[in-house]
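These notes concern the structure reproduced below.
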Amino acid sequence: MSSGFLESEYANAIAHRILVVEDDPEQALALRDVLQEHGYQVQIAKDGGQAHSALTMNRPDFVLLDLILGGESGFEICERIKARDERLPVLILSAISLDDSKDLAKRVGADGYMTKPYDPRVLMSMIQEVAQQVWNRTHLKRSAEEERRIRFNCRCGKRFKMSPAHGGRRMTCPDCGEPLIVPHHV
């Protein structure tokens, strides 16, 4: 049994719980079996309602999403997932191989796109690759932004971290009520 993301090149991205959104029961179970063989915990949702309930009740680390579903399309589900949490990796796994479909998936926030039928080894590699790309995009970007933050203290000792965009703005210390001006850089 593989350990999912413990390979050194994917050491930062963690994906243990995968939500599979697939309305075909046979495909959903086959996918579940493949993922479980590789050490993943799998939850299956057959439509958008079940997917959003699963996201709320038992947040997954990764989403595998079909596009053709009853009711809400995979595109709509993806857009709602990404509006809620851009850090949650979403890989489209669909029988549709059209470039327009791939372009639309990217526009609604999908992090990757794979067509069915799939090779399980390629799927496992793609899950790792997409998870790592999302981790890099969300965590490394945040680290760079944190480095640019303006740090300063109020006379009472309260510490502040502000975006450089707030430089020169007035504010009030929430601890002591002292009026402050955010420095342009420190």
- Consider a paramagnetic label point 7 Å from the Cα of GLU72 along Cα→Cβ; state which residues of the stretch 31-66 have an amide N under 14 Å from it. 45-57, 65-66
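Provide the gained length on full extension for the span HIS184 to HIS139, in nm with one decimal, where the gain is 0.36 nm per separating residue minus the Cα-Cα distance. Don't jump to the answer; show the numbers that get you there.
Details: separation 45, 0.36 × 45 = 16.20 nm, distance 2.52 nm.
Going from the current span to full extension adds 13.7 nm.
Give me the number: length gained by fully extending ASP100 to CYS173, i.e. 0.36 nm times residue separation minus the C-alpha to C-alpha distance, one decimal in nm.
Numbers: separation 73, 0.36 × 73 = 26.28 nm, distance 5.16 nm.
Additional length available on full extension: 21.1 nm.
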- Taking Cα atoms, the helix 120-135 axis meets the longest principal axis of the chain at an angle in degrees (rounded to 10) of 10
- Ordering of 39-51, 164-176 by packing [mean C-beta count within 10 Å, highest first]: 39-51, 164-176
- Note on the structure: Rounded to the nearest Å, the spacing of the alpha-carbon centers of the stretch 22-63 and the stretch 163-179 is 46
- Using a Förster distance of 35 angstrom, determine the FRET efficiency expected from the C-beta separation of ARG159 and ALA83, and round it to 0.05. 0.60
- Message: Suppose R0 equals 22 Å. What FRET efficiency, 1/(1 + (r/R0)^6) with r the Cβ-Cβ distance, do VAL34 and ARG59 give to the nearest 0.05?
- Response: 0.50
- Report, in degrees rounded to the nearest 10, the 0 to 90 angle that the Cα long axis of helix 74-84 makes with the longest principal axis of the chain. 20
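What is the Cα radius of gyration of the chain over 2.2 N^0.38 Å, N being its residue count?
1.32
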- Helix 48-57 sits at what angle to the longest principal axis of the chain, using alpha carbons and giving 0 to 90 degrees rounded to 10? 50
- Message: Per DSSP helix of 4 or more residues, -39500 (n - 2.57); summed, then divided by the residues of the chain. What does that give at 222 nm, rounded to the nearest 500?
- Response: -10500 deg cm²/dmol
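A short reminder: the numbers here are calculations on the coordinates, not readings from a lab. Predicted model only: the values in this text are computed from it and were never measured. Every residue, glycine among them, receives a Cβ derived from its backbone with ideal geometry; neighbour counts consider all protein chains shown.
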